[in-house]
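One structure is given here, and the rest of the page talks about it.
The values are calculated or read from the model by the stated rules, or taken from the named source; none is laboratory data. Since we're looking at a predicted model, the values are computed, not measured. All Cβ positions, even for glycine, are placed from backbone atoms using ideal geometry, and neighbour counts span all protein chains on display. For the accessible areas, the whole protein counts, side chains as well, though only heavy atoms, and no ligand, DNA or RNA atoms are used. Shrake-Rupley method; radii C 1.70, N 1.55, O 1.52, S 1.80 Å.
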Amino acid sequence: MKPAIRYQIVPAAPEAHLFEVTLVVDHPAAEGQVLSLPVWIPGSYLIREFAKNIVAISAADEQGAVAIEKQDKRSWRVGKVKGALTVRYTVYGFDLSVRTAYLDQTRAFFNGTSLCLGVEGQLDAPVGVELVAPNGKEYRDWRVATSLKPLKAKPYAFGTYQAANYDELIDHPVELGDFTLIQFKACGVPHDFVLSGRLPKLDSKRLARDVKAICEYQIKLFGEPAPFDRYVFMTFVSGDGYGGLEHRASTALMASRDSLPQPGETGMKSGYRQYLGLISHEYFHTWNVKRIKPAAYAPYPSDGEAYSRLLWAFEGLTSYYDDLTLVRTGLIEVDSYLELLSHTITGVLRTPGRLVQNLADSSFDTWIKYYRPDENAPNSMVSYYTKGALAGLCLDLHIRKETAGKQSLDDVMLALWQRYGREFYEGKPIGVPEAGWEAVAEEVTGLKLGPVFDHFLRSTEDLPLEAALAEVGVQWQARAQVGAADKGGWLEKSKPAGVWLGARTGTDQGLVKLSQVLSQGPAMQAGLSANDVLVAVDGLKATQANLDATLASAKPGDKVEVLAFRRDELMKFKLRLEAAPANTVGLKAGDGDKTKLARRKAWLGH
């Protein structure tokens, strides 16, 4: 029996980036049917107003055209109809991201949140989706990649797919095009790896082998069977792309060509390491946030924000496990993992906002801060991704230490899965209460963790990273930044601390432009502001090279004169340079204490 709600989606005008969508509702509301689009997509915590891309809409019943009126920024009301309701609308899609919709002559991609109007009052009803190929012989090689279940469609073919309800429909993105397909099984479950865009020569066997290792480790971490019958990775490859968005049985990714493994390459290049970390992150979300999720997201409110102070646990801990998975599976060595960890620590320590905003508040304020950063963001906020990952590290090592290695964060995650996640889409859609995560952690470990959580989550004190890592035989090196490209890492030969400007810079027509001025640094104390364009430093043209040379030769206490434009006004400033702070961290695995070595092996797997 065909579903009573049916969509037809056609990439009608690729050159104009226009999709044509037809929605048929067999049993519309008698008093007038309301149709709406969500204002945000789960996993990306920002109001995005997807309805702005609907450029034309009309409605009809079996007797002809009927009135349809927009009610607000996201919804329309159709007048009374006789029989089935048919709505036709055109959607513009030209956002090259994983969050919305895209269409041109090379490919199409969309999330249901951008293309599929929800039928209010019938959101729990089954739906069908017919995917139609664009007209033209140039599209004859296009195929379909999606984790939606086929209704009347062959694998990877245009045709009709189905979803149990609207929430399921919008949680399965769709890729259309002439893509590359790699297939493998992880713990017996089929996995499709789809790559679109212009690809380099690709070592597909290595990619499949490495991703399979990630998938099997995470499936076994939470316990077989996997919570899906089939999984689809969708990666758009470009010159400099990066990003991802999780879904219940798939993920949409963006990657640069240089990050992909190519035939003949040996070792682990940094770009590929980063790409595998992204894959690991989004795949881990299959459990942590798609099924184990805050109560505020069960269900997701489609008409506005969903507030929770738990994003540190759902995004931050996922960020902790993404690279941890790589080292535990042997895809990267311990030294490589510690290098990545040092980058994360350094990024947090270079953010003055960590001393202003705590992790719980960072989670709560994601709608107005993390996804909407401005020039003052480093001074006023901290990332629940990066500091959340470090809180997870400290919590994991604390649990291991206090239970003599009998318990770990893995046990907490497994308990959360069994209590909240495993049956979320099996009739028990219960989210984690705001106090529930901490309660489960205490229950599983038998530890009184209140003071720990108060420190890690509800205070702005720095995390006890150095002490925690020392317990597992990891040496800590704190030093000043050496050059703009220095993200952290161990230096065998330390260099004396130089001076710093206390600002992050870019360029504007060859001159230095201050993008962000950091709290209490020399630039702020001198009165410089974000967006100031430096013209001269001590009488010389303010190029980045000249500025770097000036700072390299200066000593703490030296004064320099800076000329800068603010808007169209030339201003003069006197900077008193200060010693660069020791906010760059290097980590190194020690090899002395056997007890600490054993703890590190238990933590990292080798």
Inset, instruction - Find the residue count for segment 535-585, including only residues that are among the acidic types (D, E) and at positive phi. - result: 1
Inset, instruction - Answer yes or no: is there a residue in segment 55-72 that is in contact (Cβ under 8 Å) with a residue 40 or more places away in the chain and closer than 27 Å to I368 by Cα. - result: no
Legend entry - Members of segment 43-79 found to be of a type outside the set (K, R) and open to solvent by 80 Å² or more (accessible area, probe 1.4 Å), listed by number: V55, E62, Q63, A65, E69, Q71
Inset, instruction - Restrict the check to segment 565-573 and report whether at least one residue is in contact with a helix residue (DSSP H, G or I) (Cβ under 6 Å, 6 or more places away or on another chain), aromatic (F, W, Y) and modelled with pLDDT of 95 or more. - result: yes
Inset, instruction - State all residues of segment 400-429 that are over 17 Å from H285 (Cα atoms) and assigned to a loop (DSSP other than H, G, I, E, B); if no residue qualifies, say none. - result: T403, A404, G405, K406, Q407, S408, E426, G427, K428
Inset, instruction - Give just the number: which of (1) buried (at least 19 other Cβ atoms within 10 Å of the Cβ); (2) on the phi > 0 side of the Ramachandran plot does D210 not satisfy? - result: (2)
Inset, instruction - Check segment 254-274 and report whether any residue there is surrounded by fewer than 23 Cβ atoms within 10 Å (Cβ to Cβ), touching a residue at least 24 places away in the same chain (Cβ under 8 Å), within 21 Å of L176 (Cα to Cα) and of a type in the set (A, V, I, L, M). - result: yes
Inset, instruction - Please state which of the following conditions L317 fails to meet, knowing it meets all the rest: (1) within 23 Å of A478 (Cα to Cα); (2) surrounded by 23 or more Cβ atoms within 10 Å (Cβ to Cβ). - result: (1)
Legend entry - Filter result for V356 (within 20 Å of H455 (Cα to Cα), β-branched (V, I, T), open to solvent by 10 Å² or more (accessible area, probe 1.4 Å) and at pLDDT 95 or above): yes
Inset, instruction - May I ask you to say which residue of E49, E20 is modelled with pLDDT of 95 or more, acidic (D, E) and at positive phi? - result: E49
Legend entry - Whichever residue in segment 187-207 is at negative phi and touching a helix residue (DSSP H, G or I) at 6+ places or on another chain (Cβ under 8 Å) and, among such residues, is most open to solvent (accessible area, probe 1.4 Å): R198
Legend entry - Y384 open to solvent by less than 40 Å² (accessible area, probe 1.4 Å), among the hydroxyl-bearing types (S, T, Y) and not in a helix (DSSP H, G or I): yes
Legend entry - Selected residue [open to solvent by 70 Å² or more (accessible area, probe 1.4 Å) and within 23 Å of H343 (Cβ to Cβ)] from D593, D548, D538: D548
Inset, instruction - Return the only residue of F364, F453 being closer than 22 Å to N288 by Cα and in contact (Cβ under 8 Å) with a residue 24 or more places away in the chain. - result: F364
Inset, instruction - Collect the residues in segment 164-186 that are under 18 Å from G128 (Cβ atoms) and either touching a His at 6+ places or on another chain (Cβ under 7 Å) or not aliphatic (A, V, I, L, M) (or both), keeping them in residue-number order. - result: N165, Y166, D167, E168, D171, H172, P173
Inset, instruction - Six or more apart or on different chains, Cβ under 6 Å: which pairs go from a residue in segment 540-553 that's more than 17 Å from P496 (Cβ to Cβ) to one that's modelled with pLDDT of 90 or more and of a type in the set (G, A, S)? Could you list them? - result: A542/A536
Legend entry - segment 187-205: number of residues that are in a loop (DSSP other than H, G, I, E, B) and more than 30 Å from P429 (Cα to Cα): 6
